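Coordinate-derived values only; no laboratory data. All of these numbers come straight from a predicted model, not from anything done at the bench. Note that each Cβ is placed from the backbone with ideal geometry, even for glycine, and that neighbours are counted across all protein chains shown.
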Amino acid sequence: MPDALEKITDYDRLIKVFGVSRITDELLKELPEKHKLFEIGYFFAHRDFDKVISAWKRGESFAILTGRGPSNVLHLGHLLIFDFVAWMQRTFKVPVFIPLSDDEKYVFKKVKNLRDSEFYAYDNALDIAALGFDERWTNFFISTKMLDVYQLAVTLSRFTTLNEVKAVFGFTDSDNPGKYFYAVVQSAHILYPTWRKGFTSLVPIAIDQDPYIRLSRDIAERIKLPKPAALHSKYLPGLTGEPMSASKPETAIFVTDKPKEIKKKIWAALTGGQPTIEEQRQKGGDPEKCVVFQWLQAFVLDVKEAEELKERCRSGQQLCGDCKKTLYKAMIKRLKDHHKKKIEMIDKVDKFFMHPVDHGVLDEIRKKEEELLKEFERASKNL
Ligand code: SF4
């Protein structure tokens with residue numbers, strides 16, 4: 001396992017280092033329904049999620065805040081989180097705010113210009129909206145288009161210092177001032193539902209991003225707003241065992257990948273299997289070390305089916321090739337449905353945005369999606 005992944009999978013240590021709370025069975029019993037990502041421990045820690053749930057049971061709503069930095073197309077790891085957020089919205093009947101931080105991607109030089117980031121903002125928003133969000137309660141916005149967010153960021157900037165921002169983000173004097181100001185913009189995104197609408201914010205976030213939540217909580221306290229709560233997730237490993245990354249396309253399945261590319265990536269994925277079929281039959285595999293198993297568990301199987309697969313794997317009854325075929329078929333079906341829903345969202349997307357939408361960009365996206373849908377329809381006939 002690569003060092004980078006080893007570092008981010010030391011989750012017990014992160015709970016201690018960040019001083020966050022573990023999600024316990026008692027806390028899960030308080031929820032009206034369980035989600036698989038809680039049951040398999042993907043969401044495993046929190047800050048004040050218990051308080052949010054207690055308040056919700058007393059009739060106080062909350063808002064979910066989950067952002068996206070639009071510098072590329074989404075991959076399935078992103079969809080997993082947004083799927084979970086859509087489930088939270090349906091289960092708790094709460095508003096969701098989704099800032100698309102073109103400003104972040106520009107000042108961190110992840111895009112050439114703001115216009116490029118805007119294209120990805122709409123493209124990503126359509127992918128997210130296609131997951132079944134309720135248009136009445138879902139609020140997308142592109143960060144630089146929201147005067148309200150700018151006003152809040154300016155307000156918040158007086159409640160932190162350069163030293164604090166440097167300590168949290170690790171910036172130096174050579175970093176551009178946009179990065180420093182983006183730190184307060186990010187806090188403005190997180191605190192926006194509280195400041196404008198009076199909802200406590202709940203932020204689903206990968207555990208290593210917790211320092212940013214802490215900064216927003218400290219600022220909230222100083223400005224006398226309720227502190228945002230957080231739900232912390234682990235990382236789903238990429239297909240090669242490394243973290244999923246746009247700079248290493250073989251690690252992830254992107255929503256723009258074609259069936260052939262998906263097949264190639266899945267067939268090259270890391271497993272916990274033995275080198276030959278005979279050895280697999282004799283010794284069995286190790287699902288704990290198997291990325292294909294983790295992907296099947298996250299995207300395809302329910303909790304019971306995943307446990308059964310583990311047993312068959314360990315006893316040598318299961319072969320890696322069959323797992324990969326199952327994963328491939330599920331991905332093709334899922335992405336075929338996804339592209340269809342994404343095209344349907346193009347005509348509805350205005351209803352999800354808090355500001356006017358650029359329809360020129362949408363026409364470009366429609367063409368690309370129609371081509372992709374055809375590819376997936378052809379591939380699903382051959383499954
Ligand atoms: Fe993974 Fe399946 Fe191979 Fe077991 S049989 S190691 S679960 S791919």
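Per 0.36 nm of contour for each residue apart, how much would the distance between Leu80 and Lys93 grow if the chain were fully extended, relative to their Cα-Cα spacing?
Computed gain between Leu80 and Lys93 is 2.7 nm.
Report the GluC sites (Glu not before Pro) located in segment 233-308 that are in a DSSP loop and have at most 12 other Cβ atoms inside 10 Å of their Cβ, or state none.
For GluC sites (Glu not before Pro) across segment 233-308 that sit outside H, G, I, E and B with at most 12 neighbouring Cβ atoms in 10 Å, the list is empty.
Counting other C-beta atoms within 10 Å, and keeping those with at most 10, which DSSP coil trypsin sites (Lys or Arg not before Pro) do you find in segment 3-77?
Answer by residue number: Arg58.
Peptides 292-298, 370-376: what's the order by average Cβ count within 10 Å, highest mean first?
292-298, 370-376
Which aspartates and glutamates have a Cα lying under 13 Å from the Cα of Lys264, excluding residues fewer than 8 positions away in the same chain?
Glu250
If contacts are Cα pairs under 8 angstrom and at least 6 residues apart, what is the relative contact order of segment 321-381 in percent? Numbers along the way, then the final one.
Numbers: 24 pairs, mean separation 33.2, N = 61.
Value for segment 321-381: 54 percent.
Taking Cα centroids, how far is segment 313-364 from segment 212-285 in Å?
16 Å
Treating the beta-carbon of each Lys and Arg as +1 and of each Asp and Glu as -1, no other charges, what is the dipole magnitude of segment 1-92 about its Cα centre, to the nearest 20 debye?
Working: 13 positive and 13 negative charges, 48 e Å.
Here the size comes out at about 240 debye.
Obtain the nm distance between the two label points defined at Asn163 and Val361 by a simple spin-label model: each point lies 7 Å from its Cα along the Cα-to-C-beta direction.
Here the answer is 4.0 nm between the modelled labels.
For segment 108-239, what are the per-bin percents of Cα-Cα distances with bins 10 Å wide, up to the bin holding the maximum?
10, 35, 41, 13, 1
About the Cα centre of segment 274-334, what is the dipole size in debye to 20, counting +1 per Lys and Arg Cβ and -1 per Asp and Glu Cβ, all else neutral?
About 260 debye.
Return one quarter of the surface area of the convex hull spanned by the alpha-carbon atoms of segment 31-158, equal to its mean projected area, in nm².
Values: hull surface 37.0 nm².
Quarter of the Cα hull surface area: 9.3 nm².
Calculate, in nm to one decimal, what Lys368 and Asp337 gain on full extension: separation in residues at 0.36 nm each, minus their alpha carbon distance.
Details: separation 31, 0.36 × 31 = 11.16 nm, distance 1.53 nm.
The span from Lys368 to Asp337 would gain 9.6 nm if fully extended.
Of Leu231, Ile64, Gly284, which is farthest towards the positive pole of the chain's charge dipole, taken about the Cα centre with +1 and -1 on the beta-carbons of Lys, Arg and Asp, Glu respectively?
Value: Ile64.
Longer than 22 Å from Cα to Cα, which of Lys110/Lys374; Lys265/Lys325; Lys93/Lys336; Lys258/Lys310; Lys51/Lys93; Lys336/Lys368 are they? Say none if no pair is. Walk me through the intermediate numbers first.
Values: Lys110/Lys374 31 Å; Lys265/Lys325 12 Å; Lys93/Lys336 28 Å; Lys258/Lys310 30 Å; Lys51/Lys93 17 Å; Lys336/Lys368 14 Å.
Checking Cα-Cα distances, Lys110/Lys374; Lys93/Lys336; Lys258/Lys310 exceed 22 Å.
Return the distance in nm (one decimal) between the two label points of a simple spin-label model at Lys283 and Leu147, each offset 7 Å from Cα along Cα→Cβ.
About 6.7 nm separates the two model spin labels.
If contacts are Cα pairs under 8 angstrom and at least 6 residues apart, what is the relative contact order of the chain in percent?
19 percent
Relative to the present Cα-Cα distance, how much length would full extension add between Arg58 and Lys197 at 0.36 nm per residue of separation?
Full-extension gain reported as 48.2 nm.
Considering Cα pairs under 8 angstrom that are at least six residues apart, work out the relative contact order of segment 199-252 and quote it in whole percent. Walk me through the numbers before you get to the answer.
Details: 64 pairs, mean separation 17.8, N = 54.
Answer for segment 199-252 is 33 percent.
Give the cross-link partners of Lys36 among the lysines, using a straight C-alpha distance below 16 Å as the criterion and excluding same-chain residues fewer than 8 apart.
Straight-distance partners of Lys36: Lys234, Lys304.
For the pair Leu28 and Glu311, how long in nm is the line joining their label points, each one 7 Å along Cα→Cβ?
With each label point 7 Å from Cα toward Cβ, the separation is 1.9 nm.
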